[in-house]
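Data block below; observations after.
The values are calculated or read from the model by the stated rules, or taken from the named source; none is laboratory data. Computed from a prediction, not measured in an experiment: that's the story for all the values here. Positions of Cβ are generated from backbone atoms using ideal geometry, with glycine treated the same way; all protein chains shown enter the neighbour counts.
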Amino acid sequence: ENTIIHYPVLSRLAVGQTLMVNQLVDMEWKFGVTVGTSELQKTGNIFLQLKLVIRKGNKTENVYMELTLPQFYNFLHEMERAKASMDCFS
Amino acid sequence: MAFLTEEQFTALQLLLKAPSKDAVRQICTESYPTGAFKCQSIVEKTANALSVSNSEAMQLLTAFHMLSHHVVYQNLTSPEQILSIFPESFHSNLKNLITKILLENSVTWRNEALSSQISLPKLVDLEWRVDMKTASDSLSRMAVPTCLLQMKLQDTPCISGSPSESTVTMELSKETLDTMIDGLGRIRDQLSTVARK
């Protein structure tokens with residue numbers, strides 16, 4: 001009886017223990033405006049910086065990157081497509 | 001950024017020895033990239049085209065390099081702004097030609113400067129795949145969707161060296177993907193708030 005009651009919990013734990021490769025564990029971001037560079041006295045470019053934290057075995061690795069706005073919108077669009085694909089199966 | 005010296009304006013007038021307007025154009029565009037005036041082959045090519053010595057060619061390339069970078073830095077977009085840089089004694093037709101060449105190229109040079117400025121590694125490509133986990137050592141039967149995401153990053157050094165590419169592949173569970181989309185949605189909202197201000 002106890003096993004039947006706890007089965008959903010147990011199977012969820014088992015799923016949680018299933019192997020994941022380079023699991024994404026955290027995401028941080030910041031965005032801002034570039035006001036000037038050594039080549040351009042005045043500019044007004046928006047930049048977006050992402051930090052992705054990936055678990056590799058026992059340690060985590062930080063991956064830093066920069067995206068332009070069009071790249072960001074494309075990224076969001078692709079992730080929504082992936083989610084739609086995943087939702088088909090649940 | 002300092003204006004050019006009298007000596008440098010004199011060096012620029014060596015362009016009067018060019019065989020054609022296209023030759024002037026070519027010398028000007030070749031002198032723009034960083035380190036161009038230190039490149040032996042470009043100096044020699046310029047010296048041959050103008051029938052001047054290597055050191056005179058280098059002075060000319062340096063002078064034009066400074067002038068063109070000044071125009072891009074200050075974002076000078078009208079002919080009057082550029083013409084006012086030259087001294088009164090400067091050859092009039094050459095001044096107009098140089099101004100024309102600078103105006104023709106400054107948008108391209110400005111965009112190049114924007115795309116090659118200091119930055120974190122840039123995202124150049126993105127691929128994803130949704131898999132279905134059907135079994136593992138913990139469960140003989142399961143149906144758990146998971147997302148694999150591969151991002152290609154390119155790091156372009158500003159000063160010297162060639163771009164280096166790296167690939168990072170990661171796995172996201174459904175919950176992680178939902179949280180990520182939530183986060184990206186918040187970025188989108190923050191961006192539209194900033195855009196509205």
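When the test is whether a residue is over 15 Å from residue B:17 (Cβ atoms) and free of Cβ contacts under 8 Å to residues at least 12 places away in the same chain, residue B:68 does not pass it.
Here is a check on your reading of the model: is residue B:44 without any contact (Cβ under 8 Å) to a residue 60 or more places away in the chain and surrounded by fewer than 17 Cβ atoms within 10 Å (Cβ to Cβ)?
Taking the combined requirement at face value, the residue satisfies it.
Screening residue B:51 against (1) modelled with pLDDT under 90; (2) assigned by the TED database to the domain that holds residue B:177 leaves a single unmet condition, (2).
Residues checked against (1) under 30 Å from residue B:66 (Cβ atoms); (2) more than 7 Å from every other protein chain (Cβ to nearest Cβ):
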site	(1), (2)
A:8	no, yes
A:16	no, yes
A:21	no, no
A:37	yes, no
A:43	yes, no
A:53	no, yes
A:62	no, yes
A:82	no, no
A:87	no, yes
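Every condition in (1) of a type in the set (Asp, Glu); (2) at pLDDT 95 or above; (3) not in a strand (DSSP E or B) holds for residue B:104 except the one numbered (2).
When you go through B:164, B:89 one by one, which is the residue that is in contact with a strand residue (DSSP E or B) (Cβ under 7 Å, 6 or more places away or on another chain), of a type in the set (Ser, Thr, Tyr) and more than 9 Å from chain A (Cβ to nearest Cβ)? Full working, then the answer.
On the way: B:89 fails: in contact with a strand residue (DSSP E or B) (Cβ under 7 Å, 6 or more places away or on another chain).
That would be B:164, the only listed residue that is in contact with a strand residue (DSSP E or B) (Cβ under 7 Å, 6 or more places away or on another chain), of a type in the set (Ser, Thr, Tyr) and more than 9 Å from chain A (Cβ to nearest Cβ).
Among the criteria (1) in a loop (DSSP other than H, G, I, E, B); (2) facing another protein chain (nearest Cβ under 7 Å); (3) over 30 Å from residue A:14 (Cα atoms), the one residue B:139 does not fulfil is (3).
With respect to the conditions (1) crowded, with 16+ Cβ neighbours inside 10 Å; (2) assigned by the TED database to the domain that holds residue B:34, residue B:170 lacks only one, and its number is (2). Per the listing B:181, B:118, the residue uniquely of a type outside the set (Lys, Arg), at the interface with chain A (Cβ under 9 Å from one of its Cβ atoms) and free of Cβ contacts under 8 Å to residues at least 12 places away in the same chain is B:181.
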